[in-house]
Structures are given as C-alpha cells and as structure tokens.
1. Mind checking which pairs have a first residue in the range 51-79 that is among the aromatic types (F, W, Y) and a second that is within 16 Å of the ligand (Cβ to nearest atom) and part of a helix (DSSP H, G or I), Cβ under 8 Å, 6 or more apart or different chains?
2. Only one of G30, G45, G56 is within 19 Å of P102 (Cβ to Cβ) and surrounded by fewer than 14 Cβ atoms within 10 Å (Cβ to Cβ); which?
3. Across the range 95-109, what is the total count of residues that are away from the ligand (no atom under 11 Å from the Cβ), in contact (Cβ under 8 Å) with a residue 24 or more places away in the chain and surrounded by fewer than 16 Cβ atoms within 10 Å (Cβ to Cβ)?
4. Identify all residues within the range 21-50 that are in contact (Cβ under 8 Å) with a residue 24 or more places away in the chain, more than 14 Å from the ligand (Cβ to nearest atom) and of a type in the set (A, V, I, L, M, F, W, C); write none if there are none.
5. Taking the range 56-98 as the region of interest, how many residues are outside any helix (DSSP H, G or I) and within 22 Å of E19 (Cα to Cα)?
6. For the range 34-50, state whether one or more residues are in contact with an Asp or Glu (Cβ under 6 Å, 6 or more places away or on another chain) and either at pLDDT below 90 or part of a strand (DSSP E or B) (or both).
7. Considering only residues that are at pLDDT 95 or above and not hydrophobic (A, V, I, L, M, F, W, C), look in the range 125-141 and name the one that is farthest from S65 (Cα to Cα).
8. Only residues that are at pLDDT 75 or above, over 18 Å from S131 (Cβ atoms) and of a type in the set (S, T, N, Q): list them for the range 1-33, please.
Amino acid sequence: MQILSFSCIIVFIMSHVGETFFTSVGCMDGRVQEPILRFGQKKFGVKYADTITEAGLVGILGKKSVDECLFESIKKKLLVSIEKHHSKVVVVHGHQECAGNPVDDKQHLKDTLKTAEIIKSLIPEGVKVISAFVKRSENGWTVEEI
Ligand SMILES: [Zn+2]
C-alpha cells in the first residue's frame, strides 16, 4: 500500500514538470489551432497552448469600440495563463479565409499587429508578445511570424 502511494506521488510530480505553456490569442477557427500549437512547441520548447479565442478576434480588438465584458474576459484569461500556468509568451494570430474577420490579408496583418499592441498593454512586463499569420499552403496551414 505504501509503495503504491509512493509511485502515485512520483507520477504526479513528473507530470507537472512537463506541463509548460504558452498563450495563444486568435480566431476560434479549428484550422489554425494545431499549426499554432506546433509553432509554439517548436519555438518556445513548451508543451501546451492556453487558447483564448473569438471568431475573428484580431478584427474585434482592433476596432475603436470593444465590448467591455469581452475585453475583461480576454484580460482575465491572459492573466490566468500567465500567473497560474507561468506562460512567458503570448502569440497573437490572424489567418487567411477568416469568416469572423473577412478582410484582405493586408488589413488582417494590420489588425493582428494592432491587437498585439493592445495585448501588450494588458499583461505584465517581461511576458513576450509575438504576432503571427496563419496561411494556407501546399503543406496545409502554416504559421509565419510577422
Ligand atoms: Zn478566423
């Protein structure tokens, strides 16, 4: 019985050691989630993405008037990811063929960069913010840092 408890504790501790996070902020579109996860895992050497989404998120936050409840909700999720999961980097992303923010790529890139600036103002200093754009390519959906 004692041995069994001991091994449970070991497993518990080990699973926590590998649980590292970055924060993904972008569209709810299912096509972009996996490429963004792979991008973050490769670039930052972390395992999981805490995922904050809305339909066409960068098109919403880039607007002059933003719903206050939505804004507070996004901020709250960012802080949970940073404070509770110790995320050190936020990836703000837009993507091609977005149903929630149906603008051309040029405007979508602008919206993404503007949203990244807004996100920076919401989180503690020392947490990095990176902007990215997800594009359809021959190999499926790929992530480009912008
Ligand atoms: Zn979208």
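The values are calculated or read from the model by the stated rules, or taken from the named source; none is laboratory data. All values derive from a computational prediction rather than experimental measurement. With ideal geometry, Cβ positions are generated from the backbone for all residues, glycine too; neighbour counts draw on all protein chains shown.
1. Once the first residue is among the aromatic types (F, W, Y) and sits in the range 51-79, its partners that are within 16 Å of the ligand (Cβ to nearest atom) and part of a helix (DSSP H, G or I) give F71/L61.
2. On the way: G45 fails: within 19 Å of P102 (Cβ to Cβ); G56 fails: surrounded by fewer than 14 Cβ atoms within 10 Å (Cβ to Cβ).
Sole residue among the options that is within 19 Å of P102 (Cβ to Cβ) and surrounded by fewer than 14 Cβ atoms within 10 Å (Cβ to Cβ): G30.
3. Initial filter on the range 95-109 (away from the ligand (no atom under 11 Å from the Cβ)): 104-107, 109.
So of that shortlist, the ones also in contact (Cβ under 8 Å) with a residue 24 or more places away in the chain come out as 105, 109.
Narrowing the set further to residues that are surrounded by fewer than 16 Cβ atoms within 10 Å (Cβ to Cβ) leaves 105.
Number satisfying all stated conditions: 1.
4. F21, F22, F39, F44, V46, A49
5. Residues flagged as outside any helix (DSSP H, G or I) and within 22 Å of E19 (Cα to Cα) within the range 56-98 amount to 8.
6. Looking only at the range 34-50, we keep the residues that are in contact with an Asp or Glu (Cβ under 6 Å, 6 or more places away or on another chain), and these are none.
No, the range 34-50 contains no residue that is in contact with an Asp or Glu (Cβ under 6 Å, 6 or more places away or on another chain) and either at pLDDT below 90 or part of a strand (DSSP E or B) (or both).
7. In the first step, residues of the range 125-141 are kept if they are at pLDDT 95 or above; the result is 127-136, 141.
Right, trim to not hydrophobic (A, V, I, L, M, F, W, C) and you get 128, 131, 135-136.
Values: K128: 25, S131: 22, K135: 28, R136: 30 Å.
The selected residue is R136.
8. Within the range 1-33, just T20 meets the criteria.
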